[in-house]
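Working notes for the structure below.
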Amino acid sequence: MPGSQRVKARTDAGETIDCTLEWSKDGPFLTCEKQITSYYQTIALLPNDNGEPITKQLRKRYLVRLKPIARYEYGYQSCGKVTNEIVNMYPPATGSWMNRLSIGHDRAIFFVQEIIGEQKKWLTVISHTDATILFSSAVAPYEAQFLSYRNDPWKEVWIEGFNDHKYPYDEEDAWQFLNRFIDGSSPDWNSISALVKDANIPDFEMKDTLRETLGQLVPTYWEEHIRLQAIAFLGFLVSDQDVFDIDPLKLNNMLWPTGIFREYFLLELKTRYLLQTRIPWISVFASKDSKGHLFSWRFQDWSSVLYQNTYSDLFDEELKVAFKHLKSMIKKRPRIEIAISAEEAATSGRLWVERLILATSIGIRGDIYYKRAGLSGILYIGKAFSWPFSNTDWIIHLSEKTPKITETRAHFMFVPRGTEQEVIEVFSDAYHVHNHRRHMNHNLFDVRHGVWKDLPEELFEEIGKKVSPSKLNGFFSDGPSITFSKKELQVLQYLKTTIYPSMVIEQEPPFDHISKEFVSEVLGRFSKRGELEMEYRLTSTPSLIPMYLIIEGEPSRVAGIIDALDKRVPTISWYTLDDARAALIIFRIASRHETILETRLPPLCEEAGVSLKMGRPVKPNSMSDTLTRIWDDGWTLDLTGLLEQRIL
């Protein structure tokens, strides 16, 4: 859909005139003879199942103010069907636009405009490449607000009265690197033969330039800018150029704008030096999926072809590398450093890849003692309130094995101490969080065999024991008050989400205005004073599956179940509710242990007089800036977005 539309516009004097509404990366503008500040929208553009925008005539017209109130940039899946896994992550949105937010796709620009006389907002999504309109419709105010809560590597934000153009990567630098492998003379036949191997390439011939020759090996149905990246990648494969003189931290960041080149390039190096094998890329490009569809450059297509077949054990190798270094790292307080230095990485391909893995797979996560900082936690478990609001920290969907209850969700929020009852009156199924803790048990991973250890029998033996809830030390425990500046709180917020040492070292947003020394000093000082806890954690655990338990019973029995699980599952996050008479426990285990827990836990809980619900949580929708968003020289509570969901 072109980025232009004929509309009726309204002058300041109330006169209606015909204009052309056009879009660019900077926003909308009207082509007409008079100065216009608003126009009427009578149609919406909503994507069908394949992402194609379909025109829908509106029953009423909306008067839209021309100047946007916010602008965002995110990845957006503009074509193809969205997987059920992604659909289940988000609440129903107008035209299902939210399901198409995706890091693994091309960038799009999101503009939010005011609708005069309405609570709703007008949302327009355009292609970053050519300003094609991908979505355009009135949306609920909490839908538009959701964009400000998103966290995305490509995030670029402009909100009225606030500019934050922190564009993290320079595309010119990325393409300067790619051009090393695009420009030049055609490779020799030996290089081509090694690249093609057993793949059948009809009518192949040597051309004058590398670009022309290798272009024959890239599917012609791919978009041109994608083909150019693929040609550059093949150019890297046939070249004898060494990249190990460039720090992998810097190269990983520099290549981010290229999309598939970066993904193919890093995957090739990992398989080459971790698995000691080479990917037959030309055969992969020519492959088809189980439905007979041609191979696509898009992430979900090529990753399924590669990872689920020959290279599935690459995940295991990366996990071994991470835990090998974690074993020594966890003996010390977490620091803003990487176990392998840039100088060491330059000495071999294996160490270069290991430094890259450590930079992208190990982060530092931690929590302050929130109650001591003036915060309380509220947890809602029910079927309503699926959209975040200002105080939301995360929302997760819960699916039960038995009985099957659809659309149940847990919604956790931070509120100022003393306002708990005000929030609970809005939520009919809300609980005051008595205590909370989350952590990873690194010692449960068997580095030698590359697997998580079996669940110990002690876990089941201790399910029925009694433990005083006061022995469950968590982040809502009592203690001396904690104070901080706004700049210190920013660091603590990043810690809560996860700080990657590589981002601090490279001064990568959001650390482009905060020095490594300041981050290290804040973490060290708060840790030494006993005001926060932090740990190294793996940012991805593909070998684990998530489960949740909701338990209710005598507080000592509830605490006993938490205590039994706390040190015996790989990762755990628990919330005790209403003086520990109930709890939500979310944890990850090896898939082979799921049936064991489903079989053994219910009778043990029943014997202990504890009611149990268990199932799989869908990946939580977490907010990345909750603490800094509700801080204004003191914690604030804004229920507007919550009340709108109840009213609209």
With respect to Thr599, determine if the residue is open to solvent by 50 Å² or more (accessible area, probe 1.4 Å) and under 30 Å from Ser485 (Cβ atoms).
-> no
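Residues checked against (1) part of a loop (DSSP other than H, G, I, E, B); (2) surrounded by 12 or more Cβ atoms within 10 Å (Cβ to Cβ); (3) charged (D, E, K, R); (4) at positive phi:
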position	(1), (2), (3), (4)
Met413	no, yes, no, no
Gly418	yes, no, no, yes
Gln421	no, no, no, no
Ile463	yes, yes, no, no
Glu488	no, yes, yes, no
Ser502	no, yes, no, no
In segment 504-527, how many residues are part of a helix (DSSP H, G or I), of a type in the set (Gly, Ala, Ser) and out of contact with any strand residue (DSSP E or B) (no Cβ under 8 Å at 6 or more places or on another chain)?
-> 2
Could you pull out the residue among Ser304, Ser386 that is at pLDDT below 90 and buried (at least 17 other Cβ atoms within 10 Å of the Cβ)?
-> Ser386
Count - residues of segment 1-38 that are assigned to a loop (DSSP other than H, G, I, E, B), over 21 Å from Pro53 (Cα atoms) and open to solvent by less than 90 Å² (accessible area, probe 1.4 Å) | 6
Can you confirm whether segment 510-528 contains a residue that is of a type in the set (Ser, Thr, Tyr), touching a residue at least 60 places away in the same chain (Cβ under 8 Å) and buried (at least 19 other Cβ atoms within 10 Å of the Cβ)?
-> no
Based on what the data block shows, is Val558 of a type in the set (Val, Ile, Thr), open to solvent by less than 20 Å² (accessible area, probe 1.4 Å), touching a residue at least 60 places away in the same chain (Cβ under 8 Å) and more than 30 Å from Lys466 (Cβ to Cβ)?
-> no
Hits in segment 338-395 (condition: in a helix (DSSP H, G or I) and of a type in the set (A, V, I, L, M, F, W, C)) = Ala342, Ala345, Leu351, Trp352, Val353, Leu356, Ile357, Leu358, Ala359, Ala373
Kindly provide the set of residues from segment 170-193 that are part of a loop (DSSP other than H, G, I, E, B) and among the small types (Gly, Ala, Ser), ordered by number.
-> Gly184, Ser186
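For (1) surrounded by fewer than 19 Cβ atoms within 10 Å (Cβ to Cβ); (2) over 22 Å from Arg107 (Cβ atoms); (3) among the polar types (S, T, N, Q); (4) modelled with pLDDT of 90 or more, each residue gets a yes or a no:
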{"residue": "Asp198", "(1), (2), (3), (4)": "yes, yes, no, no"}
{"residue": "Thr220", "(1), (2), (3), (4)": "yes, yes, yes, no"}
{"residue": "Leu237", "(1), (2), (3), (4)": "no, yes, no, yes"}
{"residue": "Ile246", "(1), (2), (3), (4)": "yes, yes, no, yes"}
Filter result (closer than 15 Å to Ala430 by Cβ and assigned to a strand (DSSP E or B)) within segment 562-582 = Tyr575, Thr576, Leu577, Ala582
Part of a loop (DSSP other than H, G, I, E, B) and either open to solvent by 30 Å² or more (accessible area, probe 1.4 Å) or not hydrophobic (A, V, I, L, M, F, W, C) (or both): does that describe Arg588?
-> no
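The values are calculated or read from the model by the stated rules, or taken from the named source; none is laboratory data. Please read these numbers as outputs of a predicted model, since none were measured by experiment. Every residue, glycine as well, gets a Cβ built from its backbone with ideal geometry; the counts of neighbours run over all protein chains shown. For the accessible areas, the whole protein counts, side chains as well, though only heavy atoms, and no ligand, DNA or RNA atoms are used. Shrake-Rupley method; radii C 1.70, N 1.55, O 1.52, S 1.80 Å.
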